[in-house]
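Undergrad: Pasting a structure here, questions to come.
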């Protein structure tokens, strides 16, 4: 009885076993530990930024049952990723799957190791979209959403294909109430940056802003319908130093229109830190141009 | 490929039909009904202690008869109870090995959720053993990624071969189902029978 079903079930358990050898427990907060993925055989562990409440005294629970101390290499809150180095011989690094093989509707497993043993749950790929920007301004190669239920302690664990390959890292904190996976290309990029710089640099103006509709005549003249009204300007921040004031409406940065927050965040990439930018704004009904040196986000 | 999915569906349906033959309904005088699992052909029924926690128990067996049941033993700590009805030749489910379950394997829970008779819910094993932290830190469990509802309690959790691997018991949080593993049920019965022979 249950020929196909038995085979499917066994194949799934095998996928969990295979991928489980690179799933570790990450003890970086009080109460419930979370999960992490062995990235390389020199002991790099990838996990979620939000499960590491402290930078020191991180414990890594290895697949063989041992717990080894971990040292934080760096974290990137904008993509909710963190890299930890563990000195011990850690287990097998994950086998990765490229996203071009993946389609909406594919069965996937989410793995975690909040306790001693590996745990698993099942779902399907719900959405596979283009690149997107996280609420924190991080750029992610593909939008990858699943319907897997993220159990407590599953954040930082892998999304696994039916062959036991890792598709990405699961996080429940990037967008509330949605199970999102950070795909492998983004993981590679963030790991590389964290290994080189210890952090992911992001440009920073030191303003809080909200999109507002521009007056009709101005909108027509500029060819853009909205701008960004400054609701706060941080004291001594890059914007204030450049002369921006509360109540200004940002229109463009270096000639490129800023109609939504996304557009502004997109321009504040790491390479722009320390460079000077021409800011066009609306103040008292007049357009004005100022120079601002873009800072680095703390 | 589509044929494969169809076979999978047919197998699931066949499994449900077979397992349903060993599923009973337990009326305890309250509203709604609990579930139970036929353990022995001569009328031994297993369920949760919280389902059997009443004086007047009546059990509807798969052939449609409703019979009075006698409480043989119960253990609130394990949340298990053994009941007996006066019947012979009941369809028994073969027992699986709950110690050999592993995360990612398919399992199915049968019961009468919200009064829906003989309903089946499928999911996978999340993990086994003692839960870490959380509200339940005692005892051994099979944790499963399926939703157990009032009326599931006491019903069978079966594996892909239709073998009994657990007794559906409760939810831990909004999305985690918990079942008492069948090896714990065996130990409970061994202790019970041992006591009787004293």
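Undergrad: Per-residue mean of other chain beta-carbon atoms within 10 angstrom of the beta-carbon, peptide A:10-23?
TA: Rounded to a whole number, the mean comes out at 3.
Undergrad: Separate question: Only residues of segment A:214-235 count here: report those whose backbone N is under 17 Å from the spot 7 Å along Cα→Cβ of residue A:261, or say none.
TA: Within reach of a label on residue A:261: A:226-234.
Undergrad: Let me ask something else. Please build a GNM for chain A, connecting alpha carbons under 10 Å apart, and tell me which residue among A:201, A:176, A:85 fluctuates the most.
TA: A:176
Undergrad: Separate question: What is the Cα centroid distance between segment A:198-233 and segment B:93-118, reported in whole angstrom?
TA: About 56 Å separates the Cα centre of segment A:198-233 from the one of segment B:93-118.
Undergrad: Starting from the 7 Å offset along Cα-to-Cβ, what nm value, one decimal, do you get for the label separation of residue A:127 and residue B:13?
TA: 3.4
Undergrad: Where the centroid of each part is defined by its Cα atoms, how far is segment B:1-68 from segment A:122-184 in Å?
TA: A separation of 38 Å, based on Cα centres.
Undergrad: Which whole-number percent gives the relative contact order of segment A:1-195, counting Cα pairs below 8 Å spaced six or more residues apart?
TA: 23
Undergrad: So what is the calculated 222 nm ellipticity per residue for chain B, using -39500 (n - 2.57) for each DSSP H run with n of 4 or more, over all residues, to the nearest 500 deg cm²/dmol?
TA: Taken over chain B, the calculation gives -6000 deg cm²/dmol.
Undergrad: Within 10 Å of each Cβ in peptide A:116-128, how many partner chain Cβ atoms are there on average? Round it to a whole number, please.
TA: For this peptide, the per-residue mean of nearby foreign Cβ atoms is 4.
Undergrad: Quick check: convex hull over the Cα atoms of segment A:203-296, volume per residue in Å³, rounded to an integer?
TA: Taking the convex hull of the Cα positions in segment A:203-296, it is 79 Å³ per residue.
Undergrad: A further question on this structure: Nearest 10 degrees, 0 to 90: what angle lies between the long axis of helix A:184-197 and the longest principal axis of chain A (Cα atoms)?
TA: Tilt relative to chain A: about 70 degrees.
Undergrad: Can you compute the radius of gyration and Dmax for segment B:98-185, using only the Cα atoms, both in Å?
TA: 11.7, 34
Undergrad: Report the residue, chosen from B:168, B:28, B:48, that carries the largest GNM mean-square fluctuation when chain B is represented by alpha-carbon nodes joined by springs under 10 Å.
TA: Taking springs between Cα atoms under 10 Å, the residue moving most is B:28.
Undergrad: Hey, rough spin-label estimate for residue A:288 and residue A:95, points 7 angstrom out along Cα→Cβ, what's it come to in nanometres?
TA: 6.2
Undergrad: At 7 Å along Cα-to-Cβ for each site, give me the label-to-label distance between residue A:278 and residue B:187 in nm.
TA: The answer from the label model is 7.7 nm.
Undergrad: Same structure again: Quick check: the angle from helix A:3-20's long axis to the longest principal axis of chain A, C-alpha only, nearest 10 degrees?
TA: 70
Undergrad: For the ranges B:117-128, B:8-19, what's the packing order if you count other beta-carbon atoms within 10 Å of each residue, average per peptide, and put the highest first?
TA: B:117-128, B:8-19
Undergrad: Another question, if that's okay. Could you tell me which of rounded, prolate or oblate describes segment A:1-104, using a ≥ b ≥ c as the square roots of the eigenvalues of the alpha-carbon gyration tensor, with rounded for a/c under 1.5 and, failing that, prolate when a/b is larger than b/c and oblate otherwise?
TA: The shape class here is prolate.
Undergrad: Can you give the mean number of other chain Cβ atoms that lie within 10 Å of the Cβ atoms in peptide B:103-114?
TA: 5
Undergrad: Same structure, new question: How would you classify segment B:37-130 from its alpha-carbon gyration tensor, with a ≥ b ≥ c the square roots of the eigenvalues: rounded for a/c under 1.5, else prolate if a/b is greater than b/c, otherwise oblate?
TA: prolate
Undergrad: Which whole-angstrom value gives the distance between the alpha carbon centres of segment A:252-298 and segment A:99-116?
TA: 39
Undergrad: What ranking do A:247-257, B:87-97 get when scored by the average of other Cβ atoms within 10 Å per residue, highest first?
TA: Per-residue Cβ counts within 10 Å, averaged per peptide and sorted highest first, yield A:247-257, B:87-97.
Undergrad: For chain A, take N as its residue count and report Rg(C-alpha) divided by 2.2 N^0.38 Å.
TA: 1.17
Undergrad: To continue, here is another question. Tell me whether segment A:257-298 comes out rounded, prolate or oblate; compute the Cα gyration tensor, take square roots of the eigenvalues as a ≥ b ≥ c, and use a/c under 1.5 as the rounded threshold.
TA: Working: a/c = 2.73, a/b = 1.55, b/c = 1.77.
Oblate is the answer for segment A:257-298, as a/c is 1.5 or above yet b/c matches or exceeds a/b.
Undergrad: Among A:236-243, A:157-164, how do they line up by average Cβ neighbours within 10 Å per residue, starting with the highest? Before the final figure, lay out the partial values.
TA: Details: A:236-243: 16.9, A:157-164: 24.5.
With the highest mean Cβ count within 10 Å placed first, the list reads A:157-164, A:236-243.
Undergrad: If the elastic network links every pair of Cα atoms under 10 Å, which of B:100, B:70, B:55 fluctuates the most in the Gaussian network model of chain B?
TA: Comparing B:100, B:70, B:55 in a Gaussian network model of chain B, the most mobile one is B:100.
Undergrad: Per the helix-only calculation at 222 nm, which mean residue ellipticity applies to chain A, given -39500 (n - 2.57) for every DSSP H run of n ≥ 4 and division by its residues, nearest 500 deg cm²/dmol?
TA: Calculated at 222 nm, the ellipticity per residue is -5000 deg cm²/dmol.
All of the numbers you see were taken from the coordinates with simple rules; none came from a lab. Given the structure is predicted, the values throughout are model-derived calculations rather than measurements. As a convention, Cβ positions derive from the backbone with ideal geometry for all residues, glycine included, and neighbour counts pool all protein chains shown.
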